[in-house]
Amino acid sequence: MGLFIEDLLNFGNLMDAEIDIQLQKDLLKSAYPKLNFELDDGLLKIQVETKGLLFKKKREIRLSENTDSVKNDRNTGRRYILMRALTKDIPEELIKEEVFLVDGELFGMDVWPAVKLTEVYEKIPKQFKERLTLTRYKLKKDGIRIFLRVEK
């Protein structure tokens, strides 16, 4: 569902609207070129290459969905989906990057760079782009479905 100028006129409806955005695997790959993603219902696998002394090694992180766990950081403009890590050993390279976040038992991924590449985001009026907050998400085979609302 996109937002249109008519919604600006009816401001109350805009505040109550929930925007559904689908982030496909190719969109995630263009937002994060160093990573490979595999999606399944309720499961996300992230593969990253780590450098050893002589060889590159592929490491995989398995994450399960925790649908209502999201974090919106207004200061940095990042919006994280938080998932339960099924892999105990998370590569240090991922934690150093600001794209990922470790919050206790949960592992967070900033989805905002991928959201900005979608057509739905382009249709949202400029006045509301910075006021969008994540409310929940779903991991599906065809991509990550995220749900946004305009913050009052």
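Based only on the alpha carbon positions, what is the Kirkwood hydrodynamic radius of segment 25-65, in angstrom?
11.1
Can you run the Rg to Rh ratio on the chain? Use alpha carbon positions and the Kirkwood inverse-distance Rh.
Using Cα coordinates only, the ratio equals 1.01.
By how many nm would the segment from Lys34 to Val102 grow when fully extended, if each residue of separation counts as 0.36 nm and the alpha-carbon distance is taken off?
22.6 nm
What trypsin sites (Lys or Arg not before Pro) does segment 16-80 have in DSSP loop regions with at most 16 other beta carbons within 10 Å?
Loop-located and lightly packed - Lys34, Arg74.
Loop by DSSP (not H, G, I, E, B), at most 13 other beta-carbon atoms within 10 Å: where is the longest site-free stretch of the chain for chymotrypsin sites (Phe, Trp or Tyr not before Pro)?
Result for the longest clean stretch: 56-152.
Enumerate the amide H contacts of Leu132 below 5 Å, restricted to partners 5 or more residues apart or on another chain; note that Pro and chain-start residues carry no placed amide H.
Here Glu151 satisfy the definition.
Could you provide, to the nearest whole Å², the per residue accessible area of the chain with probe 1.4 Å?
Spelled out: the 1.4 Å probe surface of the chain, per residue, equals 59 Å².
5 Å is the cut-off here: which amide hydrogens, built 1.01 Å from N in the peptide plane, fall below it relative to Thr87, excluding neighbours closer than 5 in sequence?
Distant-sequence amide H within range of Thr87: Arg62.
For the chain, which whole percent of the accessible surface, found with a 1.4 angstrom probe, sits on carbon and sulfur atoms?
Percent of accessible area from carbon and sulfur atoms in the chain: 48.
Given the DSSP H assignment, sum -39500 (n - 2.57) over each helix run of at least 4 residues in the chain and divide by its residue total; what's the result at 222 nm in deg cm²/dmol, nearest 500?
-4500 deg cm²/dmol
Enumerate the calculated ³J(HN,Hα) couplings along segment 104-120 in order (Karplus 6.51 cos²θ - 1.76 cosθ + 1.60, θ = phi - 60°), each rounded to whole Hz, writing x wherever the residue is Gly or Pro.
x, 7, 9, 10, x, 10, 6, 9, 4, x, 6, 4, 5, 8, 7, 6, 4
How large is ³J(HN,Hα), in whole Hz, for each residue of segment 48-61 in order, when computed from phi with the Karplus curve 6.51 cos²θ - 1.76 cosθ + 1.60 and θ = phi - 60°, using x for Gly and Pro?
Here the 3J(HN,Hα) series is 9, 8, 10, 8, x, 5, 10, 10, 8, 10, 8, 10, 10, 10 Hz.
At 7 Å along the Cα-to-beta-carbon direction for both Phe147 and Asp68, put a label point, then send me their distance in nm to one decimal.
According to this spin-label approximation, the distance is 1.1 nm.
Would you mind getting me the FRET efficiency between Glu18 and Ile95? Use the beta-carbon distance for r and R0 = 30 Å, nearest 0.05.
The pair Glu18/Ile95 has a calculated efficiency of 0.45.
With a ≥ b ≥ c the root eigenvalues of the C-alpha gyration tensor of segment 99-139, is it rounded (a/c under 1.5), prolate (a/b larger than b/c) or oblate?
It is prolate, given that a/c is not under 1.5 and a/b is the larger ratio.
Using +1 at the C-beta of Lys and Arg and -1 at the C-beta of Asp and Glu, which of Leu139, Val102, Leu27 has the Cα lying farthest in the positive direction of the dipole of segment 18-150?
About the Cα centre, the residue reaching furthest to the positive side is Leu27.
The values are calculated or read from the model by the stated rules, or taken from the named source; none is laboratory data. This structure is a prediction, so every number in the text was calculated from the model and none was measured. FYI the Cβ positions are ideal-geometry reconstructions off the backbone, even for glycines, and counts take in every protein chain you see. The protein model used for the area step is the full one, side chains on, heavy atoms only, and it has no ligands, DNA or RNA in it. Shrake-Rupley method; radii C 1.70, N 1.55, O 1.52, S 1.80 Å.
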